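Written below as structure tokens is the structure these notes are about.
The values are calculated or read from the model by the stated rules, or taken from the named source; none is laboratory data. Since the model is a prediction, treat every value here as computed from it, not as a measurement. Counting neighbours? That spans all protein chains shown, and the Cβs are built from the backbone with ideal geometry, glycine included.
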Amino acid sequence: MSTFAPPEIIDIAPPSEVVIAGDDARRMRPEVMVEVGQIVQAFQCLAADKSRPWRALYAPVAGRIDAVERGAGRRIDRIALTRVPLDLTGPSVGLTVGPDLPRRMVQSGLWPMVTARPYGGIADPAVAPRHLIVKGWLSDPRAPQIDRVLSDGDRRGLVDGLRLLAGLAPTATTLVHDGADPTQGASIDGLGRRNMGRGPRSSGAWVDRLGPAQSDAPVWIVDWQDAVQLGLRAQGHSAALTRLLTVATDGTKDIRLVRCIVGTPLSAVSEAIAPAGGVVLIGEPARRHSALSIGRH
């Protein structure tokens with residue numbers, strides 16, 4: 001365990017409006033499952049691919065659908081909803097290691113956390129992976145090691161989540177992390193560990209090292225934050241999915257850590273950190289998002 005004091009994490013209050021971006025389900029030929037004005041539950045499917053239903057968008061919280069906006073080729077640009085009631089919890093779901101786990105994750109709205117190489121996008125649960133990589137780092141090299149940002153509860157969630165993920169690719173699951181082992185040496189069958197040291201902070205680079213990925217033998221990738229959420233859901237917790245972000249302000253070299261629920265508009269993050277403006281979000285959850293919100297990937 002690190003002897004350094006844990007870094008400060010700024011928690012952003014859940015916004016009244018939540019925005020889901022189509023970028024969270026790339027390469028989807030969508031069939032919209034909801035309509036404006038409809039009340040939806042947390043983790044309810046909002047849109048799914050017509051022929052690949054596991055490639056889908058889910059509501060991060062319960063709420064009322066306010067808008068469904070489409071772009072070129074009828075792709076979904078954004079789905080906006082207002083939280084009604086003020087409820088962040090989702091339905092409980094039984095998650096245990098075994099061949100039925102992918103189906104249960106699809107049903108519970110958790111499968112989109114598993115992406116695949118080559119081609120990218122949400123993984124096909126019917127195509128067994130050559131390898132499964134759990135990314136144990138924050139993408140900004142200035143960010144602290146994840147061992148320093150994990151609470152005791154989140155660490156237990158990470159261990160339980162890794163046990164589930166290792167069951168998806170037995171003997172071929174690797175946690176790649178920087179610094180100290182975030183599991184503190186917990187015994188997890190089928191899990192390998194690699195300290196990245198000064199290695200690349202890129203999932204693609206680690207796929208090249210541990211792969212190679214092929215269309216009939218892909219490499220699956222899961223972020224450590226999703227592993228935590230998976231483990232917490234398996235323990236019976238039902239809170240909304242959250243993301244830890246690296247934030248900088250214009251004119252400074254300092255970074256700050258912000259935690260918010262998935263779907264939080266970037267404007268809400270900016271207003272909370274620097275009401276006068278000038279906030280820059282760093283890292284994958286804020287990248288490629290046409291809807292200007294915090295996404296799952």
- [ ] Answer yes if at least one residue in the range 267-275 is closer than 15 Å to Val18 by Cα, at pLDDT 85 or above and in a strand (DSSP E or B), and no otherwise.
- [x] no
Open item on the list: I'm told Ala72 meets every condition in (1) in contact with a helix residue (DSSP H, G or I) (Cβ under 8 Å, 6 or more places away or on another chain); (2) at pLDDT below 85; (3) of a type in the set (Gly, Ala, Ser) except one. Can you identify the failing condition by its number?
Closed with: (1)
Open item on the list: Of the residues Asp208, Asp160, only one is more than 20 Å from Pro6 (Cα to Cα), free of Cβ contacts under 8 Å to residues at least 12 places away in the same chain and not in a loop (DSSP other than H, G, I, E, B); which?
Closed with: Asp208
TODO: State which residue is farthest from the chain's Cα centre (by Cα) when the search covers only the range 79-103 and only residues that are at pLDDT 90 or above and farther than 27 Å from Gly211 by Cβ.
DONE: Thr82
Open item on the list: Any residue that is surrounded by fewer than 20 Cβ atoms within 10 Å (Cβ to Cβ), closer than 25 Å to Pro141 by Cβ, in contact with a strand residue (DSSP E or B) (Cβ under 7 Å, 6 or more places away or on another chain) and not aliphatic (A, V, I, L, M) - is there at least one of those in the range 222-240?
Closed with: no
- [ ] Please go through the range 102-152 and pick out each residue that is among the small types (Gly, Ala, Ser), assigned to a strand (DSSP E or B) and either free of Cβ contacts under 8 Å to residues at least 12 places away in the same chain or out of contact with any His (no Cβ under 8 Å at 6 or more places or on another chain) (or both).
- [x] Ala116
TODO: Just give me the residues in the range 166-202 being of a type in the set (Ser, Thr, Tyr) and either at pLDDT 85 or above or farther than 23 Å from Ala126 by Cα (or both), in sequence order.
DONE: Thr173, Thr174, Thr183, Ser187, Ser202
Task: Failed criterion for Ala13 (all others in (1) in a strand (DSSP E or B); (2) touching a helix residue (DSSP H, G or I) at 6+ places or on another chain (Cβ under 9 Å); (3) among the small types (Gly, Ala, Ser) hold) - done: (1)
Task: Residue that is surrounded by the most Cβ atoms within 10 Å (Cβ to Cβ), among those in the range 30-61 that are within 20 Å of Asp124 (Cα to Cα) and without any contact (Cβ under 8 Å) to a residue 24 or more places away in the chain - done: Ala48
- [ ] Quickly run through the range 181-194 and pick out the residues that are buried (at least 16 other Cβ atoms within 10 Å of the Cβ) and in contact with a helix residue (DSSP H, G or I) (Cβ under 6 Å, 6 or more places away or on another chain).
- [x] Pro182, Thr183, Ile188, Gly190, Leu191
- [ ] For the range 255-262, state whether one or more residues are surrounded by 20 or more Cβ atoms within 10 Å (Cβ to Cβ), at pLDDT below 85, in a loop (DSSP other than H, G, I, E, B) and in contact with a Pro (Cβ under 9 Å, 6 or more places away or on another chain).
- [x] no
Open item on the list: I need the full set of residues from the range 211-240 which are β-branched (Val, Ile, Thr) and part of a helix (DSSP H, G or I), in order please.
Closed with: Val228
Task: Condition broken by Arg29, with the remaining ones in (1) among the charged types (D, E, K, R); (2) out of contact with any Gly (no Cβ under 8 Å at 6 or more places or on another chain); (3) within 14 Å of Gly263 (Cβ to Cβ) satisfied - done: (3)
